[in-house]
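Working notes, structure below.
Each reported figure results from applying straightforward, stated rules to the coordinates on display, with no laboratory input. Quick caveat: nothing in here was measured; it's all calculated off a predicted structure. Note that each Cβ is placed from the backbone with ideal geometry, even for glycine, and that neighbours are counted across all protein chains shown.
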Amino acid sequence: MFCSLSNTVAKEPVVDPATGYVYEKRLIGQHLESDGRCPHTGNPLGMDQLIEVVAPKTAFAAPRPPSANSIPGMLAAFQAEWDAVMLESFQVKQALLATRQELAHALYKNDAAARVIARLVRERDEARAALTALNKSIPASLPTPATSGGAAGNGTDSGVAAMDVAGEAAPAPSAAAAAPAAGDGPADVFSPAEFKALSKAGKAVRKLRKKAVPPPDMATTSMVAEFAAADEVPLTHVFPADKGGISVAVPVAAGVAAGEHVASHGQTLVVGSGHGVVKIASAVDGSVVATLRGHKGRVTAAAAVADGASVVYTASSDGSARMWTRDESGSYHKTHLHNKVHNGAVTGVDVHHTGKLYVTSSDDGTLALYSASDGAVVTQKGAEARGGNTAPLHAVAFHPDGLILGAASEAGCVEIWSLQTMARIAELAAPAGAGSCTHVAFSEIGYVVAGGFADGTVCAFDLRNQQVFRVLRHSAPVSALGFDATGTYLAVGVGEQVAIYGSMDPAADDGDDAPEQSPAAIVTLNSPEGAATAVVFAPKAAALYVASDSGTVHVFTPQS
């Protein structure tokens, strides 16, 4: 825009809206100060009537003076322009260099961050791998130690990673118990999918236990204190003494197949003899469902699946273990025979709560795990899984959740084994001088296991901290051991006597860390005939069945 007064480009253009003329603000200002009228029309005009025009300051180049049209002037202009271009180029190069430095620094920081992230990811993966390896040696079923106040006994979850007791952490087992024979750790016995299925089944059991409440008609302590031998003897000389007597007796849970028999005949037992014969009979009226023959030595242990004894497992001192299956007609047939698995007497047998696995113990110091579907030996572990220990094993039992096992050791302890790796993960030792452990039994509350010893001592262990919380002392070796179905009572057979104890839950203790020594039994019963070889509680602890080496099963009930 050109000023109408100077004919040059206006640096600060203003316009007269009345005439439309454009002025340089500085020039028109000087004119109006001296005259006060429009230079073109002569009409009165003030600065407040002019409107500033907004225009780009670089839109027009300043006019060259006449001297710039000469050669020297042009050379000077070109030199000035060249200097300006070079200065601008230098500034651009400096900015480029600074930008490159900033970019290099940003890339370095990004690379360093990526390296740190990669290292953290690697350390995380290594930590996860270490945790997985630890879980293999200390599986989800391993008990955790109780914090102050402990979990109550009304269905505390005993699972997982560990027998999970909420809010509690598990101590590492002793080095001798947890150390594998070779390599980084014991290998898994099951595939991840198989063990996941077993873990899921264990969680389902724990869930049911949490919801379980004692039956309203559960036998009270005062009722148990009134136990006495009934007048009628249900199973009289089912195995006479000259036939070996009764060596073992285990209960059969009612199921679809056996429901009718249990309903009409009462508590059913699998009874083994000293001469190798096994009978399935009613402990109420003595009726015999089936007789199983095949063992050539003393029947040392028996187990039955919880569907009414459709499958029965037996073990014998002849070194064999057998699996018997009932057909549709009610007859039992030998399904699997294991007589070359162990190198000594088979001392114990138990079946997993899913019915898919069973386990045997032997005085050769090994445990063998089998598949119930085909009888195949899944694995057999001995000294290499026991920290080099070769002591005989006298009994074995699955934990109610099915993820750990307990074995009674000649070395004077209850060994806890992981089902996932079939390796020993803990040793629960009795007080000094207790002798060999001959019996083991898990309580249904989930975190208590009892061991019976040769000197008559019975120790109740809290699996959460692997400590003894109750010590029961007797004058004769323990010959039978068993909890009731709720874990409230524990029956102990010693010689010709059976003692029944209550309050077998550490949560009911007064918080003293020292184990309770020799608490009084609720009642001590005398076996009418011979030494007690098995003790079985009836449902709801309404009665106690005691088998003896004389071949008779007596029932003890409240007599008041």
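Out of residues 5 or more away from His275 or on other chains, whose amide H comes under 5 Å of its own, with H placed 1.01 Å from N in the peptide plane?
Under 5 Å from the amide H of His275 lie the amide H atoms of Val299, each far enough along the sequence or on another chain.
If we count other beta carbons within 10 Å of each Cβ, what is the order of Val278, Val305, Val92, fewest first? Spell out each step's value before the answer.
Numbers: Val278 25, Val305 22, Val92 10.
Neighbour counts put them in this order, fewest first: Val92, Val305, Val278.
Tell me, what HN-Hα J-couplings in whole Hz come from the Karplus equation 6.51 cos²θ - 1.76 cosθ + 1.60 at θ = phi - 60° for each residue of the range 453-470, using x for Gly and Pro?
Per-residue couplings from phi come out as 10, 5, 8, x, 7, 10, 10, 9, 9, 8, 5, 6, 10, 6, 10, 6, 10, 8 Hz.
Only sites in a loop by DSSP and with at most 15 other Cβ atoms within 10 Å count here; which chymotrypsin sites (Phe, Trp or Tyr not before Pro) in the range 1-101 make the cut? If you can, show how the numbers build up before the last one.
Values: sites: Phe2, Tyr21, Tyr23, Phe60, Phe78, Trp82, Phe90; in loops: Tyr21, Phe60.
In loop regions of the range 1-101 (DSSP not H, G, I, E or B), the sparsely surrounded chymotrypsin sites (Phe, Trp or Tyr not before Pro) are Phe60.
Taking neighbour counts of Cβ atoms within 10 Å as a proxy for exposure, in what order, fewest first, do Ser287, Ser479, Ser373 appear? Please list the in-between numbers first.
Working: Ser287 16, Ser479 24, Ser373 10.
Listed from fewest to most nearby Cβ atoms, that is Ser373, Ser287, Ser479.
Of Lys296/Lys340; Lys279/Lys334; Lys196/Lys356; Lys296/Lys356; Lys196/Lys340, which sit over 19 Å apart, Cα to Cα?
Lys296/Lys356; Lys196/Lys340
Based on other C-beta atoms within 10 Å, arrange Met74, Met1, Met422 from fewest to most. Write down the numbers at each step before the final one.
Details: Met74 12, Met1 16, Met422 22.
Sorted ascending by nearby Cβ count, the order is Met74, Met1, Met422.
When the Karplus curve 6.51 cos²θ - 1.76 cosθ + 1.60 is applied with θ = phi - 60°, which whole-Hz ³J(HN,Hα) does each residue of the range 403-412 get, with x for Gly and Pro?
Using θ = phi - 60°, the values come out as 9, 9, 10, x, 10, 8, 10, 4, 6, x Hz.
What residues have an amide H closer than 5 Å to that of Ala426, excluding those fewer than 5 places away on the same chain, when H is modeled at 1.01 Å from N in the peptide plane?
Those qualifying (amide H under 5 Å, at least 5 residues apart or on another chain) are Ile416.
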